[in-house]
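Please treat every number below as a calculation from the coordinates, not as lab data. These numbers were taken from a predicted model, which means no experiment stands behind them. We place every Cβ from the backbone using ideal geometry, glycine too, and count neighbours over all the protein chains shown.
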Amino acid sequence: MIEKIKYLHGTGLQKGTAMPRDLMAAVSIGRKEMTAGIANSFAREEIENLSGTYGDPSMGEPVEIDFLEISVSNREAISVQAFNRGITLLVGDSDEMRRLHRFICVLEDELGHAD
């Protein structure tokens, strides 16, 4: 069961980190705010099986960054970072990036934070 989701979306890199410099969205939700749509998308896209970094920070300027940190009961937190999601989806064939994209779209739609 999802306990908490932290989602950051932005552009540019903070000096010395892989976090967005210019935030466009910063969301933190707990179990009470979790919608069925978010929980269903999390399960359908098998987000619990993803972790690490996806995409290529050198594919665009400024770099686009999506950062997800998801706390799930009975396991370590899931941390996922996606660089240049849009470009990667256009030029690549990454199932992981497609799954992340679909989950992030549901997250943004459900919370009313779509770009």
Query raised in the report: Can you list, bin by bin at 5 Å, the percent of alpha carbon pairs in segment 16-115, starting at 0?
Result: 2, 12, 23, 26, 21, 11, 4, 1
Requested in this report: Report the equivalent ellipsoid semi-axes for segment 51-106 in whole Å, largest first, defined as the square roots of five times the eigenvalues of the gyration tensor built from alpha carbon atoms.
Outcome: 22, 12, 9
Report summary line: Taking Cα atoms only, helix 95-111 is inclined relative to the longest principal axis of the chain by an angle, in degrees rounded to 10, of 60
Requested in this report: Per DSSP H run of at least 4 residues, take -39500 (n - 2.57); add these up for the chain, divide by its residues and hand me the 222 nm value, nearest 500 deg cm²/dmol.
Outcome: -8500 deg cm²/dmol
Query raised in the report: Ordered by packing density, taken as the mean number of other Cβ atoms within 10 Å over each peptide's residues, highest first, how do 24-32, 94-102, 81-89 rank?
Result: 81-89, 94-102, 24-32
